[in-house]
Each structure stands twice: as C-alpha cells, then as structure tokens.
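For reference, the structure discussed in these notes is given below.
The values are calculated or read from the model by the stated rules, or taken from the named source; none is laboratory data. All figures in this text were calculated on a predicted structure; none of them were measured in a lab. Here the Cβ is made from the backbone with ideal geometry for all residues, glycine too, and neighbour counts use every protein chain on show. All accessible areas refer to the heavy atoms of the entire protein, side chains included, with ligands and DNA or RNA removed. Shrake-Rupley method; radii C 1.70, N 1.55, O 1.52, S 1.80 Å.
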Amino acid sequence: MASTQSAQTKLTIKQAIDSMLADPEYLTDIPEDQREQLFRAGEEILTTTDKVIKGYIRLTRDDGSMSRVPAYRIQHNNIAGFYKGGIRFSEAVNEDEVENLAMLMTLKSALHKLPYGGAKGGVQINPRNYSDRELYRISRNYVKLFNNDIGPTQDIPAPDIGTNEKVMDWMVGEYKVLNPDENYLGSFTGKSVENGGARGRREATGRGTYHSYAWLVYDWAKHFDMDKVADHHIHRQQFQVLKDLNLRNEQGGAIRVAVQGFGNVGGTAALEAAHCKKLKHHVVSVSDHNVTLFNNQGLDLEKLQAFSRKHGQLPSSAEELKTAGVVADIMERGAILSLDVDVLFLAALENQITANNMNDVHAKIIVEGANAPVTQEADEYLQEQGVLIIPDILANAGGVIVSYLEWRQDRVTRFYTEEQVYAEMQAHMVDTFAEVYETYFTRGIASIRTTCFGNAIRRLFSLLYRHGRLYSA
Ligand code: NAD
C-alpha cells in the first residue's frame, strides 16, 4: 500500500478493528458466526470516504485577469452526526491531504463524543498572494460551488490553516443569500463574535492543548497509584516521569517547557504554561518560521506576544530583541526540537519530528497542538524510548469542541459567556482525558495515540452496528 497520509490512517483504522474483533468482550451481542463479516463491513465503511467533491473556483484577479483554482470538500463519515471540519487555504492542499484530515476529524469527533462526523475542505492557493477582495471572491465562490453539500444540518465547515473568522463571516454571508429560508448562523463555525461566533474560540485550541498535559500531570498522575499501572517497562517509566515532575513542582522546582510555533495555538499554550497556578514552568524556548529564542531562566512571553502581534513574527535579531525588551539567545528555527527540556509543545506544522531528527529529541513529554507533527516512524521510535506523546486528536480538540458550542448557541440564538464556553470545553475534554489516560496506563496499550484511535473507532463501529449499517442493504 502506498504510504500516503490517508493510507497510513486507513491502516491504523484497520489495525484497531482487528484488535476489536480479537476482543471477545467487545459487542458480545453480535452472533459469533457473523462477527468476522460484520467487522470487515465496518472496516470497509470506515476506511473509505463517503464523498469526494472537487471543483474549480473561478477567480477574477484585481487586475481583471481570470484563473481557476482547485477546491475540495471531502466528507468522510457521518454515522455520529453532521459532517464537520475546517477549510484550508494553502498551496499544499491536495486530495490525499484533505481526505486524511477528514478521516482524522471523524475520529476526533468520535473520541470526544461530539455529535459530528468528519469532513475537510481546501482551496489550493497561498492566501498571502491574494488581496482581501480576491480572498472575498474565493470565499464566496467556494460556498457557491459546495452549497448543495454544506449547511447547519449537513456539513458545517470552520477555519483552518490560511482561513480565519473574516473568511467564515464572508462564507456565512454568501450562504445566507443562497439559502434565505435556513438557520444560516449554524452553517459555519469560527465566525466573529458579532456574527454568532463563540467567545473564546480563538484561544480554545491552545488552552485545551495545554490542559491535555497539565491535567495529566497534576490532576491525574499525582493521585494515581503506581500499583495500578500496567506491568510494562515503558508505561511505568512514563508514569514515573509524571510523578517526578509533580515532586519537583512540590519542592519548588520549575518544569522546563519549549513551544514550537508562536501563533494562535502555540502562543496561547505558552502563556497558559507560564501562568499556570498548579504547576510552575519556565518556558525556556519558543520558535516560529524564522527563529528559535532561548533563555534558561524563562522567556518574557508577554513582551514576545506584544512584539509578534505587531510584527507578525518573533524578534529575530539583536536589535529586534532590544526593541521587544526581551533577553534571549537566538538560534536557528529547528533548534527548539532538540533542546534539553521536560515538555515540548509542537504547535506549528505537520511532519516536524521525523526519522531524520528523532534521535535528537530530549523532551520527556511531547504535546501535539498541530495536526500530525510527528511522523509514524518517529512516533514509534520515541514511544520505545519512553517519551510520552499526547496526540493531536486528543490534545487539540478544544477548537472543535468550542465550534460545537457555537453551533449549539446559534441554533437557539442564546449566546454563552466566555466563562461558560471554557467551563464546558474543559469538562468535555476532562471526560475524554480521564477515559484515555486511565485506559492507556492500566491496560498497557501501545501508545496514547493507539488508545485514542481505539476508543474512537469502538464508538463509530458500535453506532454503525446499532444503526444496522453493517448488514447488506
Ligand atoms: P498560526 O498560523 O496562528 O501559527 C503557526 C505558527 O507556526 C506561527 O508562529 C508560524 O510562524 C509558525 N511556523 C510556521 N512554520 C514553521 C516552521 N517551519 N518552524 C517553526 N514554526 C513555524 O496557526 P495556529 O492556528 O496556531 O495553528 C498551528 C497548528 O495547529 C496548525 O498545524 C493547525 O492545523 C493546528 N490546529 C489549529 C487549530 C486552531 O484552532 N487554530 C485547531 C486544531 C489544530
């Protein structure tokens, strides 16, 4: 099988189904003589995609010239609820990538028990090369192209790389024109607050990502008994790391943190770590597409954030550091991945830790704020070394959970306060964390990622079974 991103995810789904089939305690109400056939039917459904829609968007440039750009909406599965997933504007967009991200959305929604399936969209453009007016036309034409397939009770898009609340507002505007009879507000999430968006959506993913780690260390491992941890050297080694971090914290020592990517997700996660009341951190390093900054005593994150809000990037020269009022060593952008830290947050791009640099990683805990920042080979290697990886579908779901709250509030037009949004998001994530971490540590499963995939696929499979979708039509 070609090792494309989507082929890899399909293989992981197949492996999860194989292990469910081998588990005699899973879905015992399926008659023994039908098990093999029904599980294979479930595998067929979950490893194939419901609908791939590709078209070309007409784009009239500001100078009057015309071109057409490829655009996708791919709907993987909706057994758990309406399709849901972001729209990406990026030159790297291609069918395999969008399909893979749609599958991961199905799994993420299922893992966190949201009433959604999975979808993803994309337009193959570099948004930085287009004016606002051109992006406006692209956004409206995207909605025109996919109008029959999207909507508040069909498929609900959201922002992703290269899109933002402004794009969602434009898209909702077009959807309203095309569908005057519908509850248009719930057709897209990630909109501006003035336009029905949830308060706190912007920081939701970064906060949730930080809490996937802090909750594990402080709220769970601190009180969990080592005797209950599976008798497997990796699990015990990882659990001991969590206990040691708590002990250091109780003795007044700081946990050393590095954060790759200082945008929406990484910037928020870094500030959450620095201001956390439960665990003391020194955020010793942050990085962006230009540079890694390092200060052994901890960086001044407020000043860095003020600078990067103004200039769109971190200071990357001695003069810029002076302007920002920050003391730090300047290193090349990739240096952050091999620093001697306890916790490394990956909040930039996919494929950052690979076979080429996995040997250089020193962090004991890696938290995936970005989607797929660790390749499969590196993931397996690091797990073998006892590095604890909190995977993307667990860690970065704050965004889709708050999107769900946005969709819910838009249906009844009663809007949550920011406190309500965070309280709900937190409660929702903690339910999933508790289930996943306990299962992983007590049952000795291969990795937290495998545990997440297993839990998600069990939920999807049992819905397929209960809906009668595994029998011939
Ligand atoms: P962003 O554009 O706000 O920030 C991205 C950051 O990464 C920037 O600081 C950028 O300079 C940096 N970066 C880019 N290339 C880099 C490189 N080669 N090395 C180091 N840093 C680099 O994006 P974001 O919203 O913070 O999203 C970050 C990641 O999280 C993306 O992979 C995105 O898909 C994922 N994600 C975001 C959300 C969300 O709600 N924003 C939800 C789920 C997943």
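Computed values, structure above
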quantity	calculated
Amide H within-cut-off set for ILE366, under 5 Å, with H built and near neighbours excluded	LEU344, LEU388, ILE389, ILE390
Potential extension, GLU384-GLU134 segment - 0.36 nm per residue separation minus Cα distance	85.1 nm
Per residue value of the accessible surface for the chain (all protein chains in place, 1.4 Å probe), Å²	43 Å²
Where trypsin sites (Lys or Arg not before Pro) fall in DSSP loop in the range 268-319, at most 12 other Cβ within 10 Å	LYS277, LYS278
Lys, Arg +1 and Asp, Glu -1 on Cβ, resulting dipole of the chain about Cα centre, debye, nearest 20	1100 debye
Aspartates and glutamates with Cα under 14 Å of LYS243, excluding same-chain neighbours fewer than 8 positions away	ASP219, ASP225, ASP227, ASP342
Three-way shape call for the range 108-191 based on the alpha-carbon gyration tensor, with the a/c threshold at 1.5	oblate
Loop GluC sites (Glu not before Pro), the range 11-87 (other Cβ atoms within 10 Å of the site Cβ: 10 or fewer; DSSP)	GLU25
Where labels lie 7 Å past Cα in the beta-carbon direction, separation of ASN148 and ASP18 in nm	4.0 nm
Integer Hz, Karplus 6.51/-1.76/1.60 couplings in order for the range 373-385, x for Gly and Pro	x, 10, 6, 4, 4, 5, 4, 5, 4, 5, 4, 4, 7
Carbon plus sulfur fraction of accessible area for the range 17-171, probe 1.4 Å, in percent	45 percent
Order by protection proxy (mean Cβ within 10 Å, highest first), peptides 350-363, 181-194, 456-469	181-194, 456-469, 350-363
Ranked by how many other beta carbons lie within 10 Å on average, peptides 172-180, 48-56, 257-265 from highest	257-265, 172-180, 48-56
Built amide H within the under 5 Å cut-off of GLY444, gap 5+	ALA230
Net lengthening on full extension, ALA318/MET66 (0.36 nm per residue, minus Cα-Cα)	86.3 nm
Local electrostatic count, ILE390, Cβ distance below 13 Å [Lys/Arg +1, Asp/Glu -1]	-1
Surface accessible to a 1.4 Å probe, ARG248 within the full protein complex, Å²	80 Å²
Local net charge near GLN124, Cβ-Cβ under 11 Å (Lys/Arg +1, Asp/Glu -1)	0
For the range 200-323: rounded, prolate or oblate by the Cα gyration tensor [a/c cutoff 1.5]	prolate
Cα centroid separation - the range 99-117 against the range 32-89, whole Å	12 Å
Cα coordinate range in the chain, projected on the principal axes (Å, largest first)	66, 61, 46
Label point distance in nm, ASP96-THR48, each placed 7 Å from Cα along Cα→Cβ	2.1 nm
LEU463-LYS303 FRET efficiency (beta carbon distance; Förster radius 56 Å; 0.05 resolution)	0.70
Contour minus Cα-Cα distance for HIS311 and THR417 (0.36 nm per residue)	35.1 nm
Phi to ³J(HN,Hα) by Karplus 6.51 cos²θ - 1.76 cosθ + 1.60 over the range 115-124, Hz, x for Gly, Pro	x, 9, x, x, 8, 7, x, x, 10, 7
Over 31 Å (Cα to Cα) - which of LYS51/LYS113; LYS191/LYS280; LYS277/LYS303; LYS120/LYS278; LYS54/LYS166 fall in this group	LYS191/LYS280; LYS120/LYS278
Packing-based ranking, highest mean first, of 330-338, 136-144 given that Cβ atoms within 10 Å are counted	136-144, 330-338
Tensor-based shape of the range 344-473 (alpha-carbon gyration tensor, a/c under 1.5 rounded, otherwise prolate or oblate)	oblate
